[in-house]
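A quick write-up on the structure given underneath.
Values in this text are rule-based calculations from the coordinates and carry no lab data. Predicted model only: the values in this text are computed from it and were never measured. Note that each Cβ is placed from the backbone with ideal geometry, even for glycine, and that neighbours are counted across all protein chains shown.
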Amino acid sequence: MASLQSLRRKISSFKNTQKITKAMKMVAAAKLKRAQDRILSARPYAHKLRDVMGNLGERANRSSHPLLAQREVKTTELLVVTSDRGLCGGFNTNILRSAAEFLAEQTTAGNPVQVSLVGRKSVDYFRRRAWTIRQEWPGVFDRLSFEHALDIGQHIVEAYNNGIFDRLYVVYNEFKSVLQQRVIVEQLLPIEALKEESGHQEAPISQGTYLYEPDEHELLNALLPKHFEVQTYRVLLESAAAEQAARMTAMDGATRNAGELIKKVTLSYNKTRQAAITKELMDIVGGAEALK
Amino acid sequence: MAQTTATSASNKIQLEVVSPDHLLLSQEVDYVSAPGVEGDFGVLPGHCHFLTTLRIGELSYRIGEETQYMSILWGFAEVNPQKVTILAEVAEKAEDIDIERAQTAVTKAEEHLERGGLPSEVEEARISLEKARLRQKIAERHQQARNPHA
């Protein structure tokens, strides 16, 4: 049986760990609240923009704009969105596993692939592996703002227009609820399916003419990159909220486990202590008996 | 009151203003004026379908007799007979503008513009001056509307 001292040390170490996990849980809860507010307030803009895009995209000729045009796929790029920090349960593991699966699938299908990475954790993972890394954006989640999405979005659109890759997928965690994150793999470029989900309110507007200022082509030129940036921003916000939710759940579990461990070790500590006392008493009684 | 809104519903147009980080306004109004790239345009209920990009400028809308102002920095506007949707990059309601801050921003931008520098810096200074002047103008208008005799 372990000595009293080592048990005492164990208990205090568990208690310290529990304090840390509890504090992390509370910090995550506060951050989650903020991240959740942000994703909720960003959704109206993203949806309105998609509505406008839907109305315009219906009329537009798909091949008239590079971001819409389907071209022959030579290289596929995967944008992997993970967190910057660990200690958030299966959050990053799930993403990286799906990413690796996707990459393996594409490779066996004979498509060359490369990755672009958002978040320090994906950088750590892919640096040690054989995939080609085209671009990295570590550390955007500390102070996430629309500028980051703009930076990433513009960079990607430029690379796409220069033909560095012909198709872009993104893998990220969607914030479904506090207890649930879902790994999503979706195609971002070329932009497709503009019409989906937009049609529930406005009736089709085929009657009457549509006025454009300056003109249709220029509007598409302005709207499509914007749409892409807003999509990117939404993905980043989803991931940020999901990360905090995952961390909160993980830390809650850790705090509970630490509590259980403390209970167990305290019990065995008390047992050991009592055994020691009993033994000592026996010694004393034995000694006194012998002196008689 | 409820009756008048009900009867005049068809004479109103729904105005929605959203910026990337929030929904600023969703309201029924009588008239909207917005800064299109090729000039300001006014919208009354029943306007034809119209889609345009926006420049830096002033958005105003009228509800009954009262006119409200808002600053818009770039964006898009979509108009259909029942609804105007403004997708602004940056938008601010007049009452949220701090007039003193706007004034200092104007002076600072003017100084910067006089100092000159690289063409890109001058361009940047020109834009920030335009922004600052717009915010100042809107804030002043808002104040005048609140107490016209001051």
Hydrodynamic radius of the stretch B:6-94 per Kirkwood, over alpha carbon pairs, in Å: 12.7
Per-residue ³J(HN,Hα) for the stretch A:125-138, Karplus 6.51 cos²θ - 1.76 cosθ + 1.60, θ = phi - 60°, Hz, x for Gly and Pro: 5, 6, 4, 8, 10, 8, 5, 6, 9, 8, 8, 10, 10, x
Inter-site label distance for A:Arg43 and A:Glu147 at 7 Å from Cα along Cβ, in nm: 2.8
Convex hull per residue volume in Å³, alpha carbons only, for the protein assembly as shown: 277
Cα convex hull of chain B, projected area averaged across orientations, nm²: 10.6
Highest-MSF residue in chain A out of A:Leu117, A:Leu211, A:Leu224 [GNM, Cα springs under 10 Å]: A:Leu211
Relative exposure of A:Met282, A:Met53, judged by other C-beta atoms within 10 Å (fewest first): A:Met282, A:Met53
Exposed GluC sites (Glu not before Pro) absent - longest run of chain A, DSSP non-H/G/I/E/B, at most 16 other C-beta within 10 Å: A:73-191
Chain A: most fluctuating residue of A:Ala258, A:Ala246, A:Ala35 per GNM, C-alpha cutoff 10 Å: A:Ala258
Stokes-Einstein D (µm²/s) once Rh is taken as the Kirkwood radius of the stretch A:1-131 over alpha-carbon pairs, at 20 °C in 1.002 mPa s: 108
